[in-house]
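Student: Once you've had a glance at the structure underneath, I'll fire off some questions.
No lab work stands behind these numbers, since they all come straight from the coordinates. Since the model is a prediction, treat every value here as computed from it, not as a measurement. Note: ideal-geometry Cβ built from the backbone for every residue, glycine included; neighbour counts use all protein chains shown.
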């Protein structure tokens with residue numbers, strides 16, 4: 001499978017990189033992540049050029065990492081700075097690839113493509129994750145399916161009634177007012193849900209509210225970064241109070257058939273209530289790990305290794321955003337390939 005290389009991908013939450021080196025695969029490429037002596041994040045190819053041992057099994061020494069097999073030491077620029085064998089020769093072949101990183105809104109981002117192009121763009125900003133107003137919870141999971149299937153799942157939230165009772169009550173799918181919004185490089189899947197029962201999720205924050213106008217509007221940007229505006233407005237009184245749980249869902253392909261999935265959710269209400277923290281974490285973790293992931297994995301297994309469009313899927317109106325996102329991503333990949341060939 002071909003991926004979009006020249007783009008920022010979520011590599012991990014900042015606290016993921018707090019101890020020993022960690023090994024992660026992005027776009028089929030093994031990468032070792034560690035922090036240098038100043039605490040800055042470093043990303044190198046996780047394969048020693050000598051006998052291809054995983055550097056992630058080695059030891060960080062100041063600003064460098066030592067191969068666990070033969071003791072070669074590589075600095076954060078990928079150059080070999082110590083060869084303990086023979087006369088200590090360090091030819092240029094003793095070097096490893098480096099990957100640009102940056103940290104933004106609590107997330108470490110990695111650039112897997114041409115390093116010269118990394119400085120010309122930045123990942124999407126999600127400032128509400130790290131401002132002083134919101135309480136934010138976040139997590140991650142591993143999905144055993146292609147990342148575009150996860151994107152499809154997130155851009156069509158009509159499935160929530162059938163998979164996620166914590167998020168959407170029974171009977172709502174038939175009342176959703178769906179539309180697709182395209183603005184610049186953003187594709188939006190708009191789900192408006194008028195006059196419905198309050199959900200278990202929002203009863204955590206507004207337990208006295210019975211009827212609401214709900215919304216779940218997801219905004220995609222290539223390659224697979226999504227901002228989800230989930231909220232409700234009460235109908236019980238004339239106050240029409242609004243309550244929102246803004247979220248991000250960041251997908252990074254590990255391989256053709258596996259995905260790193262990073263998520264975060266924020267709120268303005270009940271920020272100091274540990275019981276609400278626990279309930280949201282439990283509800284979201286259950287939804288993603290025990291409801292979404294098994295279903296998406298089952299879909300992948302039924303599809304085998306065949307592309308979605310090659311199977312000629314029956315399309316429904318709420319598929320428009322995911323179809324547009326797939327086509328836009330394919331266009332970007334095609335343009336990138338043509339540019340590289342030229």
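Student: Name the shape class, rounded, prolate or oblate, that the alpha-carbon gyration tensor gives for region 108-193, where a ≥ b ≥ c are the square roots of its eigenvalues, rounded holds for a/c under 1.5, and otherwise prolate holds if a/b is larger than b/c and oblate otherwise.
Tutor: Taking the square roots of the gyration eigenvalues as a ≥ b ≥ c, region 108-193 is prolate.
Student: Which value at 222 nm does the chain reach when only helices count, each DSSP H run of 4 or more adding -39,500 (n - 2.57), with the total divided by all residues and rounded to the nearest 500 deg cm²/dmol? Please report the intermediate quantities before stating the final value.
Tutor: On the way: 6 runs with 62 residues, N = 342.
Value at 222 nm, helices only: -5500 deg cm²/dmol.
Student: Follow-up question, since we're still on this one. At R0 = 51 Å, how high is the FRET efficiency between residue 63 and residue 174 if r is their beta carbon distance? Nearest 0.05 is fine.
Tutor: Values: r = 59 Å, r/R0 = 1.15.
About 0.30, to the nearest 0.05.
Student: Now for a separate question. If I fit a long axis through the Cα atoms of helix 274-285 and take the longest principal axis of the Cα atoms of the chain, what angle between them do I get, 0 to 90°, rounded to 10?
Tutor: Taking the Cα atoms of the chain, the angle to 274-285 is about 80 degrees.
Student: Quick one: of the DSSP bridges fully inside the chain, what percent are antiparallel, nearest 5?
Tutor: So the antiparallel bridges amount to about 100 percent of the total.
Student: Sticking with this structure for a sec: Between residue 299 and residue 132, how many nm apart are label points set 7 Å from Cα along the C-beta direction?
Tutor: My value for the distance between the label points is 4.2 nm.
Student: Between residue 20 and residue 240, what is the FRET efficiency for a Förster distance of 45 Å, r being their Cβ-Cβ separation, to the nearest 0.05?
Tutor: With R0 = 45 Å, the Cβ-Cβ based efficiency is 0.30.
Student: Now for a separate question. Tilt of helix 320-341 relative to the longest C-alpha principal axis of the chain, in degrees (0 to 90, nearest 10)?
Tutor: Helix 320-341 sits at roughly 20 degrees to that axis.
Student: Going by C-beta contacts inside 10 Å, put 186, 199 in order with the fewest on the left.
Tutor: Listing 186, 199 from fewest to most nearby Cβ atoms yields 186, 199.
Student: Here is a follow-up. Once label points are set 7 Å from the Cα along Cα→Cβ at both residue 1 and residue 203, what is their separation, rounded to one decimal in nm?
Tutor: It is 3.8 nm.
Student: Report the extension gain between residue 92 and residue 40 in nm, rounded to one decimal, defined as 0.36 nm multiplied by the number of residues separating them, less their alpha carbon distance.
Tutor: Roughly 16.2 nm would be gained on extension.
Student: Where the centroid of each part is defined by its Cα atoms, how far is region 152-167 from region 200-223 in Å?
Tutor: Region 152-167 and region 200-223 have Cα centres separated by 12 Å.
Student: Let me ask something additional. How high is the relative contact order of the chain, in percent, counting Cα pairs under 8 Å that sit 6 or more residues apart?
Tutor: Once normalised by length, the contact order is 17 percent.
Student: Taking only Cα atoms, what is the 0 to 90° angle, nearest 10, from helix 293-303's long axis to the longest principal axis of the chain?
Tutor: Once rounded, the angle reads 80 degrees.
Student: Next question, about the same structure. Note the full-extension length gain between residue 289 and residue 306 as 0.36 nm times their separation in residues minus their Cα-Cα distance, in nm to one decimal.
Tutor: Numbers: separation 17, 0.36 × 17 = 6.12 nm, distance 2.43 nm.
Working it through step by step, the gained length comes to 3.7 nm.
Student: At a Förster radius of 22 Å, what calculated FRET efficiency corresponds to the Cβ-Cβ distance of residue 316 and residue 269, to the nearest 0.05?
Tutor: 0.05
Student: With each pseudo-label sitting 7 Å past Cα toward Cβ, what's the residue 162-residue 144 distance in nm, one decimal?
Tutor: Placing both labels 7 Å along Cα→Cβ, they lie 2.3 nm apart.
Student: Let me ask something else about it. Residues of region 102-131 with the amide nitrogen closer than 17 Å to a label point 7 Å from the Cα of residue 277, along Cα-to-Cβ, please.
Tutor: Taking a point 7 Å out along Cα→Cβ of residue 277, the residues of region 102-131 whose backbone N falls under 17 Å are 129-131.
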